[in-house]
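Asker: Below: one structure in structure tokens.
The values are calculated or read from the model by the stated rules, or taken from the named source; none is laboratory data. None of the values given here were measured: they were computed from a predicted structure. Glycine also receives a Cβ, built like all others from the backbone with ideal geometry; neighbour counts cover every protein chain displayed.
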Amino acid sequence: MDDLQTTTGLRERVVDAMTELLVRILRRDAPVTESMQLMDELGLSSSLGLELLLELEEELSIQIDVEELDNEQMHTVGDLATYIATHSIPQ
Amino acid sequence: MTALRAVATYLPAHRIPIEDLAGKLDLTPIQVKMFRRYHGLSQVAADPGGTLLDLLRGATEALSELRGRERQVRYVVYARAFPVVAPYPENALDDLCRAIGLDHAIAFTVTHQSCASGLLAIDVAGRLIDADDTEDPLALVLAGEKAFTYDSQLLPGTSIFGEGAAACLVGRDGPRDRLLAYACDVRGEYDGELSEVAAGFQREYRTLLTAVIRTALDRAGTTIRDIAAILPHNVNLVSWQRLCRALGFPIGNVVLDNVGTLGHVYCADAFVNHRTALARGLLRPGDRYLVVATGAGHGATFSAMVFEH
């Protein structure tokens, strides 16, 4: 239960940070929401996706394991947040 | 049949840490970190005081098997990622041929498949000597460029180019490195500067490259399970990690040694990694291996060759 709560808490923090970071990285005027598709809807490229992960690591003081990260885990902002919450450790 | 009779490379000793290139290439600190952490790139090879001719000459001088066989060389095929690499009327290829006693050979450049032009050059060389009626005709394939413009130094978000050169003697047959199959997929729809075009290329990259690899394997009558090693293009580590997952191929058998220390040496990657694979003892007689390249720029080309060592 503790692990689940920790993961859930981290996921919420990742979503909050990611939606703000995406507005800045993608220079968007409109806000980003959890259900938005990263590539098809927001136009996030692979390289910007990697930059996003590094920015998140710095902001949340975590280290993300990208070994298993694939496009399948990156459909929406929420999908990526779930991956990060379950594949990261505190820095 | 086409065979690589000998492969030689020239890699200048100078190295530039990518942090030192950040200003020149407009890289932000986070982009430098991305290149180091995910792309596995720490430095690139460079020959600051040297010319393009110096690079190419370095490679042909290292190709000892060329000595005494100059008259057999009927064709010199220079593989380049960029159509123009020197101001008119300079022509490093002509200068090189004159300097090393190959001015009798038909010399030309293949380009327009960007960094996949190296594999195209091997294919073209093999076809030409196959149709040649002289005794044991040879072709000299060259690769290597000077990274002196912004576009020739950086693939934004993907890779940083390094300087080096390769020279490869191609024959109709040979005891090693016989070409079993070649597959090439030219995708004109990725010709354009728009971000949607780049996004489409990135989205389809793995699918298209995997498909061309499988086509080459099918044509060679083999499967990925029989492949001892992959000689990659040195684009970056993360793309190869993902491609290996899609292929079901062990990443440890991809010769990625040079990605971090040399950079993406244009069309010469395949030959540089061939030398590394031999030096590491990765290829034993009879082993089958893949050479894989992608050309991105004006359009995209996905290429794969299967060889038997």
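Asker: On the basis of being in contact (Cβ under 8 Å) with a residue 24 or more places away in the chain, part of a strand (DSSP E or B), closer than 30 Å to B:ILE16 by Cα and within 14 Å of chain A (Cβ to nearest Cβ), does B:ILE230 make the cut?
Answerer: No; evaluated as a whole, the condition is false for this residue.
Asker: Here is a follow-up. How many residues does the range B:1-58 hold that are of a type outside the set (Lys, Arg) and either outside the structural domain of B:VAL77 (by TED's automatic domain parsing) or within 30 Å of B:ARG127 (Cβ to Cβ) (or both)?
Answerer: Counting residues in the range B:1-58 that are of a type outside the set (Lys, Arg) and either outside the structural domain of B:VAL77 (by TED's automatic domain parsing) or within 30 Å of B:ARG127 (Cβ to Cβ) (or both) gives 15.
Asker: OK, next. Please determine whether any residue of the range B:272-287 is of a type in the set (Asp, Glu) and crowded, with 19+ Cβ neighbours inside 10 Å.
Answerer: no
Asker: Next question, about the same structure. Could you tell me how many of the residues in the range B:233-262 are more than 12 Å from the chain's Cα centre (by Cα), in a loop (DSSP other than H, G, I, E, B) and closer than 26 Å to B:ARG15 by Cα?
Answerer: Of the residues in that region, 5 qualify.
Asker: Mind checking which residues of the range B:245-260 are under 19 Å from B:HIS274 (Cβ atoms) and touching a residue at least 12 places away in the same chain (Cβ under 8 Å)?
Answerer: B:PHE249, B:ASN253, B:VAL254, B:VAL255, B:LEU256, B:ASP257, B:ASN258, B:VAL259, B:GLY260, listed by residue number.
Asker: Return the residue satisfying two criteria in turn: it lies in the range B:168-218 and is loosely packed, with under 15 Cβ neighbours inside 10 Å and not in a helix (DSSP H, G or I), and of such residues it is nearest to the other protein chains (Cβ to nearest Cβ).
Answerer: Among them, the one singled out is B:LEU194.
Asker: Which residues, counting only those in the range B:29-54, are small (Gly, Ala, Ser) and either without any contact (Cβ under 8 Å) to a residue 12 or more places away in the chain or part of a strand (DSSP E or B) (or both)?
Answerer: The answer is B:ALA45, B:GLY49.
Asker: Let me ask something else about it. So is B:ARG57 part of a helix (DSSP H, G or I), under 20 Å from the mean Cα position of the chain (by Cα) and at pLDDT 95 or above or not?
Answerer: It is true that B:ARG57 is part of a helix (DSSP H, G or I), under 20 Å from the mean Cα position of the chain (by Cα) and at pLDDT 95 or above.
Asker: Same structure, new question: Kindly provide the set of residues from the range B:87-123 that are assigned to a loop (DSSP other than H, G, I, E, B) and in contact (Cβ under 8 Å) with a residue 40 or more places away in the chain, ordered by number.
Answerer: B:ILE100, B:HIS112, B:GLN113
Asker: Let me ask something else about it. Looking only at the range B:12-44, count every residue that is surrounded by 16 or more Cβ atoms within 10 Å (Cβ to Cβ), away from chain A (no Cβ under 11 Å) and over 16 Å from B:LEU155 (Cβ atoms) and tell me the total.
Answerer: 4
Asker: Taking helices (runs of 4 or more DSSP H) that do not extend beyond chain A, which have at least 1 residues that are more than 12 Å from chain B (Cβ to nearest Cβ) and hydroxyl-bearing (Ser, Thr, Tyr)?
Answerer: A:2-25, A:77-86
Asker: Also: Which one of these is closer than 25 Å to B:LEU179 by Cβ and aliphatic (A, V, I, L, M): B:ALA13, B:ALA79?
Answerer: After applying the criteria, what remains is B:ALA79.
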